[in-house]
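> Pasting a structure here, questions to come.
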Amino acid sequence: MKVFGKVTDGSDRKSIQEDLSRLVNWTDRWKMEFNVKKCKLMHVGRDKVNFKYTMKGNALQETSLEKDLGVVISDDGKTLSQCQYVHNKAIRIMGMINRTIKYKERRIMVRVYKSLVRPHLEYCVSAWSSYYLKDKELLERVQHRFTHMFKDT
């Protein structure tokens with residue numbers, strides 16, 4: 001569950017805290033519970049007003065980086081962490097491919113790459129599409145590294 005809101009002053013903060021309290025009351029009424037220890041708070045943007053929020057009397061843990069449905073979200077809105085996460089995952093998969101596939105014919109390797117590596121590079125790209133050149137180059141290094149894995153046939 002996610003609760004979003006723009007906070008510029010105390011009344012906005014109070015409104016979000018009331019929303020959190022209503023959620024806790026609703027879950028109690030329906031015999032469901034939030035694990036408050038797993039609930040986190042992220043202040044997003046440049047002009048952050050860092051208020052503290054609570055659930056069931058416990059302060060929510062603040063975070064600057066959170067992974068949600070396979071996408072790394074940072075409080076500054078930059079995609080560097082997501083690009084690094086995707087790059088590292090793709091490199092690990094290519095290492096597994098390199099260790100397990102002995103017959104590295106180009107046609108086979110391209111199919112393996114398209115089915116095992118590229119989906120990680122493209123997952124939710126519309127949500128986190130990188131606009132910094134250094135992030136794009138990091139992802140392109142995966143493809144460049146892949147081309148060195150197989151024999152030229």
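Throughout, read-outs are computed from the coordinates displayed, never taken from laboratory work. Note that the structure is predicted; figures quoted are calculated from it, not measured. Note: ideal-geometry Cβ built from the backbone for every residue, glycine included; neighbour counts use all protein chains shown.
> What share of the DSSP beta bridges in the stretch 1-78 is antiparallel, in percent to the nearest 5?
Of all bridge pairs located within the stretch 1-78, approximately 75 percent are antiparallel.
> Relative to the first principal axis of the alpha-carbon coordinates of the chain, what is the inclination of helix 80-100, with its axis defined by its Cα atoms, in degrees from 0 to 90 and to the nearest 10?
The helix 80-100 is inclined about 40 degrees to the chain.
> On to the next question. Mind checking which aspartates and glutamates have their Cα closer than 16 Å to the Cα of LYS136? Skip sequence neighbours fewer than 8 apart in that chain.
The qualifying aspartates and glutamates are GLU122.
> With Rg and the Kirkwood Rh both taken from Cα atoms, where does Rg over Rh land for the chain?
Ratio value, two decimals: 1.15.
> Additional query: Expressed as an acute angle from 0 to 90° and rounded to the nearest 10, what is the orientation of the C-alpha long axis of helix 133-147 relative to the principal long axis of the chain?
40 degrees
> Hey, another quick one. What percent do you get for the relative contact order of the stretch 59-152 when only Cα pairs under 8 Å and 6+ apart count?
That works out to 35 percent.
> Okay, next question. Which lysines have a Cα lying under 18 Å from the Cα of LYS56, excluding residues fewer than 8 positions away in the same chain?
LYS2, LYS14, LYS31, LYS37, LYS38, LYS40
> Okay, next question. For the stretch 71-147, take the alpha-carbon Rg, divide it by the Kirkwood Rh, and send me Rg/Rh. Before the final figure, lay out each step's value.
Working: Rg = 13.4 Å, Rh = 13.2 Å.
Ratio of gyration radius to Kirkwood radius for the stretch 71-147: 1.02.
> Contact order normalised by length for the stretch 10-63, with contacts defined as Cα pairs under 8 Å and 6 or more residues apart; what percent is it?
37 percent.
> Just to verify a number: FRET efficiency for ILE101 and THR147, C-beta to C-beta distance, R0 = 25 Å, to 0.05? Don't jump to the answer; show the numbers that get you there.
On the way: r = 15 Å, r/R0 = 0.60.
Efficiency, rounded to the nearest 0.05: 0.95.
> What is the sum of charges around ARG111, taking Lys and Arg as +1, Asp and Glu as -1, for the other residues whose C-beta is under 11 Å from the C-beta of ARG111?
Net charge around ARG111: +3.
> Which chymotrypsin sites (Phe, Trp or Tyr not before Pro) does the stretch 57-153 hold that lie in a coil by DSSP with at most 11 other beta carbons within 10 Å?
On the way: sites: TYR85, TYR103, TYR113, TYR123, TRP128, TYR131, TYR132, PHE146, PHE150; in loops: TYR103, TYR123, TYR131, TYR132, PHE150.
Loop-located and lightly packed - TYR103, TYR131.
> I've got another one for you. Give me the distance between the Cα centres of the stretch 1-34 and the stretch 63-77, rounded to whole Å.
With the stretch 1-34 and the stretch 63-77 each reduced to a Cα centre, they are spaced 20 Å.
> Would you grab the residues whose amide H sits under 5 Å from the one on THR54? Only those 5+ places off in sequence or on another chain, please, with H modelled 1.01 Å from N.
Residues meeting the criterion, in which the H sits 1.01 Å from N, are LEU60.
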